[in-house]
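I have placed the structure first, in the form of structure tokens, so that the comments after it can refer back to it.
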Amino acid sequence: MTFMRFTQQHIIHGSLYALSALGCWIMCAMLEVNPIRGDEFLSYLHSDPRWTYAEIIRHIQGGADNSYVHAVILRWAFGAFGHTIVVQRAVSLVAWLVGVLLLYGVIKKNNNKGFNSFLLVCTGFSNIGFFLATDGRFYALLFLLATASLYIYLNRLRWSILVSTVLFTIVQLLGLLTSANFIVFQFLFAGAMMGMFLFEHNRARVLDAGMWVGSIVVAATVYFSFCKIPYFHSYFLSGFFTEVPIRMEDLKTFASIPFRWLMLPHIPYGSDVADVLLFVLMAGAFAGYHRKAIVTGIKSATAKSRFIGLMAIGLLVGLGVQLFLYCVNGFPLWESRYYAAVFFVVPAALLLLLSDVFTIKILLVCCCLWLTRLAVVEYPKIGERKETLGVIAQRHVEILSQPKPVLFAEQMQNHQSSLFVLMGNLYIRYPETRGKLFLMSDPTVVERAAYFKRLSDWHYPMGLVFTADSSLYYKIETEMNP
């Protein structure tokens, strides 16, 4: 029996190593083959190495849809390693990797190293892990800074009070200077601190909560008073309170968020609805069968897992409140990627509480599911993305063969139309086309037209123009679906 258990544990560790190697290889391949998204294009433009750091900061202060911290790091990376989309996404990959390593220090259990590794793979290579590691925007930095915040707090006894609180405050300010969306993590952290006080009812907990929540208040005061990012600041204050029509499609997408971003592997060829339904049935059956062990595990939870669990509960309550406000007042549902900084908290909390329930056999089944997902779902995407790059290459040849420059007419309703994304891919991947690329937006959409006017003013010296007379240019259609 001892020999069997030893053998099964080795199989689990071998599976985790295989998962990590395959997952990292797929992520690295995605850095090159993923078509450029509209937002990635904007980050690429705003951190052009021909700009000085001061000019980049002035652009953001002037209304650029960008992040101070991410833009500065990206500008350094471009200057050091080249102005390419691979370098841009590699910044996210590094931030994801450091964040995952810090996450190990957040969720580890000293008496179960095998389960520590399992937790790390589950959270690091989940759907959100792939997104964070391969998207050339600032979301991986939010994940890194949120994880660093928890790591500093949960390992605070290693340093003096002054050192730990100063480090924590700096990380909070960097998070806000990456995006005001970081305030979601801060709300959850402060809520968990209050929850810990309610559990323990002692003076030490009051002082502890006051000190750490005070650090967040200091960072937020500095940000909103002196250093705010105009675009995110205005969106955060006004964008959530603009009434929108209620659509069933939005509700279905919102309801599938936990599975699509957090949970165990996506079922090959299954829709989001099928995935969610099957997961709920399996989770319900598992919880029912192990209900006594789960209750015992929750009651005996350590302070660490209890704190993370309270953050997880806060996130779920926040999602529920947002859904309620959408249905009652028509407030818009917050896009799921803005929760990137805190999404890892929920699976980490659940798995920590269930660590004594997961048997060797269950871990083996989970490892097999993960390998299936990577091999059957993620790996084929590499081929699909290469086909899309082939479409872009064809458009490149077509544009160069035209005597007239090419006009991309931006759609009025869609802020990231397929034409805009196609133009971004051509601009980044084929520099020789830049003198022939023009974008025109509908002037009746005042905010959008003003944004493109700023882009044109900033980037005209760099060879990019955003306004044009449509009668003078060749119009291109696109079938690309990145």
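The values are calculated or read from the model by the stated rules, or taken from the named source; none is laboratory data. Source: prediction; values computed, not measured. Cβ placement follows ideal geometry from the backbone for every residue including glycine, while neighbour counts extend to all protein chains displayed. Only protein heavy atoms, including side chains, enter the accessible area calculation; ligands, DNA and RNA are left aside. Shrake-Rupley method; radii C 1.70, N 1.55, O 1.52, S 1.80 Å.
Taking 0.36 nm per residue of separation and subtracting the Cα-Cα distance, what length does fully extending residue 382 through residue 233 add?
Residue separation times 0.36 nm, minus the Cα-Cα distance, leaves 50.0 nm.
Near the amide H of residue 408, under 5 Å away, which other amide H atoms are found, from residues 5 or more places off or on another chain, if H is placed in the peptide plane?
HN-HN under 5 Å from residue 408: 438, 439, 440.
Once label points are set 7 Å from the Cα along Cα→Cβ at both residue 436 and residue 11, what is their separation, rounded to one decimal in nm?
Modelled inter-label distance: 5.9 nm.
I need the peptides 74-84, 40-50 ranked by packing, meaning the mean over residues of other C-beta atoms within 10 angstrom, with the highest value on top.
Result, highest mean first: 40-50, 74-84.
Can you compute 3J(HN,Hα) from phi for each residue in the stretch 88-95, using the Karplus curve 6.51 cos²θ - 1.76 cosθ + 1.60 with θ = phi - 60°, rounded to whole Hz and x for Gly and Pro?
After applying 6.51 cos²θ - 1.76 cosθ + 1.60, I find 4, 6, 4, 4, 5, 4, 5, 4 Hz.
For the stretch 156-239, which whole percent of the accessible surface, found with a 1.4 angstrom probe, sits on carbon and sulfur atoms?
Carbon and sulfur together cover 75 percent of it.
Distance from a point 7 Å along Cα→Cβ of residue 50 to each backbone N in the stretch 446-462: keep the residues under 18 Å and list them by number.
The answer is 454-462, whose backbone nitrogens lie closer than 18 Å to the label point.
Quick check: at a probe of 1.4 Å, how many percent of the accessible area of the stretch 1-107 sits on carbon and sulfur atoms?
Looking at the stretch 1-107 in its full context, I get 72 percent from C and S.
Ordered by residue, what ³J(HN,Hα) values in Hz, to whole numbers, does the stretch 445-459 give under the Karplus form 6.51 cos²θ - 1.76 cosθ + 1.60, where θ = phi - 60° and Gly and Pro are x?
8, 4, 5, 5, 4, 5, 5, 5, 5, 5, 4, 5, 4, 6, 10
Mind checking the per residue accessible area of the stretch 1-105 for me, 1.4 Å probe, whole number of Å²?
Result: 42 Å² per residue.
Multiplying the sequence separation of residue 282 and residue 375 by 0.36 nm and subtracting their Cα-Cα distance, what value in nm do you get?
The span from residue 282 to residue 375 would gain 31.2 nm if fully extended.
Karplus couplings for the stretch 398-408 from phi (6.51 cos²θ - 1.76 cosθ + 1.60, θ = phi - 60°), rounded to Hz, Gly and Pro as x?
Each residue of the stretch 398-408 in turn: 5, 5, 5, 7, 7, x, 9, x, 9, 10, 10 Hz.
Evaluate the distance, in nm, between pseudo-label points positioned 7 Å from the Cα of residue 218 and of residue 321 along their respective Cα→Cβ axes.
Output for this residue pair reads 2.6 nm.
Once the piece of chain linking residue 28 and residue 203 is laid out straight, how much longer is it, given 0.36 nm per residue of separation minus the C-alpha distance between them?
In short, 58.1 nm is gained.
If amide H atoms are built 1.01 Å from N in the plane of the peptide, which residues on other chains or at least 5 residues away come under 5 Å of the amide H of residue 417?
Close amide H contacts, sequence-distant or interchain: 411.
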